[in-house]
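The next block holds one structure in the form of structure tokens; read it before the comments.
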Amino acid sequence: MGSRQMGFTVIELAVVLAIISIMLMCMIPVLSEPIHNAKIAGGVEQAKAIVDACNLVRVTPTSTTVNATNLQVTNTFGPDYNSWTDVSVLKAKLSSNYSLKTVNPFGKPYYFKMSDLTCSVAVELDVLIDGWEGYELETAGAVTRIIVSVSTHNATGPAWVQQQKRILTGEVFR
């Protein structure tokens with residue numbers, strides 16, 4: 001009688017490990033997609049907070065003068081940022097106790113644009129995508145930027161409040 005084998009051979013173990021490896025490689029995209037989507041969602045949420053901070057800076061006058069003759073108030077506002085600018089510039093305009101993220105979950109900086117009417121923040125991703133929950137997209141090289149801004153027809157936003165203050169004080173508009 002021959003001896004009976006009491007375990008697996010090296011070839012059997014190698015085949016089992018190869019099969020497990022192939023199965024794991026097939027599952028990596030399935031497991032990484034929700035993580036990637038969560039990073040995008042987190043970046044968009046942080047960008048909304050940056051839009052709020054941008055609007056605060058946008059509607060806050062840098063100086064105010066009052067005409068002694070007719071008591072007309074004239075506010076001077078900071079510069080417009082018509083091209084994408086690093087959020088660290090915006091952060092420098094806020095008080096030191098105001099917390100503002102400058103880097104998104106992908107390790108890339110947030111960018112903002114500001115005019116006298118609106119603020120927009122760009123969340124730069126690490127890949128190209130076709131769409132994200134109805135947000136405007138912009139392609140920058142080999143990556144996509146999701147553009148987050150406040151709707152201009154939101155009648156109760158900071159622009160509306162600032163407009164009402166200007167009307168009530170007789171301020172000269174920019």
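The values are calculated or read from the model by the stated rules, or taken from the named source; none is laboratory data. Here the structure is a predicted model, which is why all the values come from computation and not from measurement. Reconstructed Cβ throughout: ideal geometry from the backbone, glycine too, with neighbour counts over all protein chains shown.
Observations, loosely collected:
- Checking K108, K91 one by one, the residue that is basic (K, R), buried (at least 16 other Cβ atoms within 10 Å of the Cβ) and within 11 Å of I50 (Cα to Cα) is K91 and no other.
- Taking the listed residues S88, S99, the one that is among the polar types (S, T, N, Q), touching a Ser or Thr at 6+ places or on another chain (Cβ under 8 Å) and not in a strand (DSSP E or B) is S88, with no other qualifying.
- Checking S83 against (1) outside any loop (DSSP other than H, G, I, E, B); (2) surrounded by 12 or more Cβ atoms within 10 Å (Cβ to Cβ); (3) of a type outside the set (V, I, T), the condition it does not meet: (2)
- With respect to the stated conditions, V143 fails to be surrounded by 15 or more Cβ atoms within 10 Å (Cβ to Cβ), of a type outside the set (K, R), in contact with a Ser or Thr (Cβ under 8 Å, 6 or more places away or on another chain) and free of Cβ contacts under 8 Å to residues at least 60 places away in the same chain.
- Any chance V143 is at pLDDT below 80, within 18 Å of the chain's Cα centre (by Cα) and among the β-branched types (V, I, T): no
- Some residue of region 105-116 being part of a loop (DSSP other than H, G, I, E, B), under 15 Å from I146 (Cα atoms) and among the charged types (D, E, K, R): yes
- Check on T64, in contact with a strand residue (DSSP E or B) (Cβ under 6 Å, 6 or more places away or on another chain) and among the β-branched types (V, I, T): yes
- Within region 121-132, the set of residues being farther than 17 Å from I35 by Cβ and either part of a loop (DSSP other than H, G, I, E, B) or touching a helix residue (DSSP H, G or I) at 6+ places or on another chain (Cβ under 7 Å) (or both) comprises V121, L128, D130, G131.
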